Amino acid sequence: MRFVTYTHPDDGERVGVLDGDLIHALEPGLRLLDLLGDDGERLGAAGRRALADPRQVRKAGDVTLRAPIPQPPTVRDFMTFEQHVEGVAKLTDPQATIPPQWYEAPAFYFTNPYAIIGPDEPVPIAPGSTAFDLELEVAAVIGRPGTSLTPEQAEAHIAGYT
C-alpha cells in the first residue's frame, strides 16, 4: 500500500491510501506517525479499512500532497554518493580524496525536520535570494525501534520509502 498525507479544502490534513488515481482516507485525526512502532500491523489494518470504505475517497488530482510524515521527529541525512563526498572534501582541499573510513561507515548528519516539503508544496525561497540550490532525497522511514541491527534485521524495521 502507498500511504500519503494530503490536504483538501473540505477535509484539512488527512492520511490516505493511494490506489491508482484515488485516495482512500483513513480516519480523521490519524497521522502516519501514529501508526508506526509495531511490526506494521496497525498501518496495514488502517489501510485495509480505508480501502474498504468508499465514502471517504478523493481524486489524487484534487488534493495537495504533502510529505507522508510532514514533520518527522528526526531526520538523518546520509552522504551515500561517492561524487558528493569527493566534492565536499575538495571544498576544503582541492587535492583531497574520499577518506577510507567512509567506505566502512558512511557519514550522516542530523538535518532540519521542519524543512521537509511534499511533492505538491511550494519550496520557500528567501526574499532577496540571487541563487537557489535544493536537493531531492530518498528516505527510508523507520517504523519501529532497533539498535545495533544487522542489515538483514534492519530491513524488517523499514516501514516504507519516500
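The values are calculated or read from the model by the stated rules, or taken from the named source; none is laboratory data. Bear in mind the structure is a predicted one, so any value in this text is a computation, not a measurement. Methodologically, a virtual Cβ is constructed for each residue, glycine included, from the backbone with ideal geometry; neighbour enumeration extends over all protein chains shown.
Considered as a group, the residues in region 77-112 that are of a type in the set (A, V, I, L, M) and surrounded by 12 or more Cβ atoms within 10 Å (Cβ to Cβ) include one that is nearest to Ala139 (Cα to Cα), and that residue is Met79. Of all residues in region 43-65, those satisfying the criterion of being among the hydrophobic types (A, V, I, L, M, F, W, C) and either touching a Lys or Arg at 6+ places or on another chain (Cβ under 7 Å) or surrounded by 13 or more Cβ atoms within 10 Å (Cβ to Cβ) (or both) are Leu43, Ala46, Ala50, Leu51, Val57, Ala60, Val63, Leu65. For region 14-45, filtered to residues that are in a helix (DSSP H, G or I) and more than 17 Å from the chain's Cα centre (by Cα), the residue that is nearest to Gly160 (Cα to Cα) is Gly44. Do we have Gly40 as within 19 Å of Ala154 (Cα to Cα) and surrounded by 15 or more Cβ atoms within 10 Å (Cβ to Cβ) here? Answer is yes for this residue.
None of Ala105, Ala45, Ala115 is modelled with pLDDT of 90 or more, of a type in the set (A, V, I, L, M) and at negative phi except Ala45. Only residues that are modelled with pLDDT of 90 or more and either more than 19 Å from Thr111 (Cα to Cα) or polar (S, T, N, Q) (or both) were counted in region 127-142, giving 4.
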